[in-house]
Amino acid sequence: NLMVSKGALRFIELFLAARAAGLPIRAEMAGPIWDEEVRGAIEAAQADHPASFRWLGPLYGAEKARFYAGIDVFVFPTDYVNEAQPVVLLEALSAGAAVLATARGCMACDHAGSPGLVSPLAGFHEAALAWLTEHATGDRRADLQREAEAAFSRMRAEAEAQLADVLAAI
């Protein structure tokens, strides 16, 4: 869901800052737009950067899987007050994408071993731009993909073991 509180505008600001810094990155956003302010920012970014910024709309099933498989980094700079344990981060990791996210809910502890960055909101923009600067210019895609998939596998194995413990207890 693309909305201000879920970080849509921060994502666009980060993209614009990265392009202004000369980073050779592309950005894709997927999901329904919930805020007119977000819609306007997306339209402006697409108009100013038609070759490197796209909004794909809501994606489901195979389209969503292709989206995740086609990205190197999933950026989720949320400050949503009720954020807890977003499934989108697990979906991104399972497809081999590094995660750049704000430290809301369980994200800091859940993704401490994931490739990427989990940062407090106050310093997110600067930290994410520095991370992108370091990683966007090298050929780290294969390494990051392996690290992301391994992090997801570890998290899944831990969750399955915890579920088995709970089921055994009842």
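Bear in mind these aren't lab numbers, they're just calculated from the coordinates by the rules spelled out. All of these numbers come straight from a predicted model, not from anything done at the bench. With ideal geometry, Cβ positions are generated from the backbone for all residues, glycine too; neighbour counts draw on all protein chains shown.
Please say if segment 95-166 is rounded, prolate or oblate, where rounded means a/c under 1.5 for a ≥ b ≥ c the square roots of the C-alpha gyration tensor eigenvalues, and otherwise the choice is prolate for a/b larger than b/c and oblate otherwise?
oblate
Can you give me the angle between helix 8-20 and the longest principal axis of the chain, using Cα atoms only, in degrees from 0 to 90, rounded to the nearest 10?
Tilt of helix 8-20: around 60 degrees.
Pick from Asp72, Asp110, Asp143 the residue whose mean-square fluctuation is largest in a GNM of the chain, springs joining Cα atoms under 10 Å.
Ranking Asp72, Asp110, Asp143 by mean-square fluctuation puts Asp143 first.
Under the classification rounded if a/c is under 1.5, otherwise prolate if a/b is larger than b/c and oblate if not, where does segment 1-144 fall, given a ≥ b ≥ c as square roots of the Cα gyration tensor eigenvalues?
rounded
In nm, give the distance between the simple-model label positions of Arg156 and Ala84, each being 7 Å from the Cα along the Cα-to-Cβ direction.
So the two model labels end up 2.3 nm from each other.
Quick one: dipole size for segment 14-146, taken about the Cα centre, charges +1 on Lys/Arg Cβ and -1 on Asp/Glu Cβ, in debye to the nearest 20.
In debye, rounded to 20, segment 14-146 gives about 360.
Provide the FRET efficiency to the nearest 0.05 for the Leu121-Ala168 pair, computing r from the beta carbons and using R0 = 35 Å.
Result of the calculation: an efficiency of 0.35.
Could you identify which residue out of Arg146, Arg54, Arg66 has the top mean-square fluctuation in a GNM of the chain using Cα springs shorter than 10 Å?
Arg66
Using Cα pairs closer than 8 Å and at least 6 residues apart in sequence, work out the relative contact order for the chain, in percent.
For the chain, the relative contact order is 21 percent.
Using 14 Å as the cut-off for backbone N distance, which residues of segment 1-41 belong to the label zone defined by a point 7 Å from the Cα of Tyr60 along Cα→Cβ?
Correct set: 31-32.
Determine, for Arg19, Arg140, the number of other Cβ atoms within 10 Å of each Cβ, and report the residues in order from fewest to most.
Final ranking by Cβ density, sparse to dense: Arg140, Arg19.
Which angle between 0 and 90 degrees, to the nearest 10, do you get for helix 124-136 versus the longest principal axis of the chain when only C-alpha atoms count?
It is inclined by approximately 90 degrees.
For Val4, Val166, Val88, Val75, what's the fewest-to-most ordering of other Cβ within 10 Å of each Cβ?
Val166, Val4, Val88, Val75
Please order Lys64, Lys6 by the number of other Cβ within 10 Å, starting at the fewest.
The order, fewest Cβ neighbours first, is Lys64, Lys6.
Looking at segment 30-126, which chymotrypsin sites (Phe, Trp or Tyr not before Pro) are in a loop (DSSP not H, G, I, E or B) and have at most 15 other Cβ atoms within 10 Å?
In loop regions of segment 30-126 (DSSP not H, G, I, E or B), the sparsely surrounded chymotrypsin sites (Phe, Trp or Tyr not before Pro) are Trp34, Tyr60.
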